[in-house]
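Please find one structure pasted underneath; my questions will follow.
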Amino acid sequence: MSAVATSPTAAWTILVVAGLLEVVWAIGLKYTAGFTRVVPTVITLVAMAASVALLGIAMKSLPVGTAYAVWVGVGAVGTVVLGIVLFGDPVGTVRLVSVALIVAGIVGLKLADTA
C-alpha cells in the first residue's frame, strides 16, 4: 500500500480519507460515553488507528506541515458539521465564518503544494 502513496494524487486521496476517519473517531468519542460502550469504543479506536496510519502513509509523499494541517482541517470541519447535524451544536455567523476560514486554509495549502 505504501507504493501507492508515491503518486501525488494517491497521497492526497489517502490524506483526505485519513481526515474523514478523524471525523469518525472524533464523533465516535461522543458515542462511547467515556469509553463505557463497547461497540462505539471499538469503532472509535479502529478509526483512530487507521486515520493515523493513513496520515503516515500520505506524509511519505507530502510535506509534513501540509499533510498534518490538512488532516486536522478536514477533521475539524467534518466534526463541526456533524456536531451541528447530529448533536444540535450551535450555528452562528462567527462559527460558520471560522469553518470557512479553515476550508480556505486547506485549499490554500493544496494550491501551495502544487505550485
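The values are calculated or read from the model by the stated rules, or taken from the named source; none is laboratory data. The structure displayed is predicted, hence computed values, not measured ones. All Cβ positions, even for glycine, are placed from backbone atoms using ideal geometry, and neighbour counts span all protein chains on display. For the accessible areas, the whole protein counts, side chains as well, though only heavy atoms, and no ligand, DNA or RNA atoms are used. Shrake-Rupley method; radii C 1.70, N 1.55, O 1.52, S 1.80 Å.
For region 46-66, what are the residues that are closer than 13 Å to ALA26 by Cα, open to solvent by less than 30 Å² (accessible area, probe 1.4 Å) and either in contact with a His (Cβ under 9 Å, 6 or more places away or on another chain) or of a type outside the set (S, T, N, Q) (or both)?
ALA47
Residue-wise test of (1) part of a loop (DSSP other than H, G, I, E, B); (2) over 15 Å from ILE14 (Cβ atoms); (3) touching a Phe, Trp or Tyr at 6+ places or on another chain (Cβ under 9 Å); (4) among the acidic types (Asp, Glu).
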site: ILE57; (1), (2), (3), (4): no, no, no, no
site: TRP71; (1), (2), (3), (4): no, no, no, no
site: VAL74; (1), (2), (3), (4): no, no, no, no
site: GLY83; (1), (2), (3), (4): no, yes, no, no
site: VAL91; (1), (2), (3), (4): yes, yes, no, no
site: VAL99; (1), (2), (3), (4): no, yes, no, no
site: LEU111; (1), (2), (3), (4): no, yes, no, no
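For region 9-22, which residues satisfy the criterion of being within 8 Å of the chain's Cα centre (by Cα) and open to solvent by 40 Å² or more (accessible area, probe 1.4 Å)?
Selection gives VAL16, VAL17, LEU20, LEU21.
Quick one: count up the residues across region 23-55 that are farther than 17 Å from PHE87 by Cβ and within 13 Å of the chain's Cα centre (by Cα).
Residues flagged as farther than 17 Å from PHE87 by Cβ and within 13 Å of the chain's Cα centre (by Cα) within region 23-55 amount to 9.
A further question on this structure: What residue, of VAL77, VAL70, VAL52, is in contact with a Gly (Cβ under 7 Å, 6 or more places away or on another chain), β-branched (Val, Ile, Thr) and in contact (Cβ under 8 Å) with a residue 24 or more places away in the chain?
VAL70
How about region 86-102: which of its residues are under 17 Å from the mean Cα position of the chain (by Cα) and either modelled with pLDDT under 95 or closer than 29 Å to ALA33 by Cβ (or both)?
SER98, VAL99, ILE102
In the set ILE27, ILE43, which member is open to solvent by 60 Å² or more (accessible area, probe 1.4 Å) and touching a residue at least 12 places away in the same chain (Cβ under 8 Å)?
Of ILE27, ILE43, the one residue that is open to solvent by 60 Å² or more (accessible area, probe 1.4 Å) and touching a residue at least 12 places away in the same chain (Cβ under 8 Å) is ILE43.
Out of the residues in region 67-115 that are in contact with a helix residue (DSSP H, G or I) (Cβ under 9 Å, 6 or more places away or on another chain), β-branched (Val, Ile, Thr) and over 21 Å from LEU55 (Cα atoms), state the one that is most open to solvent (accessible area, probe 1.4 Å).
VAL91
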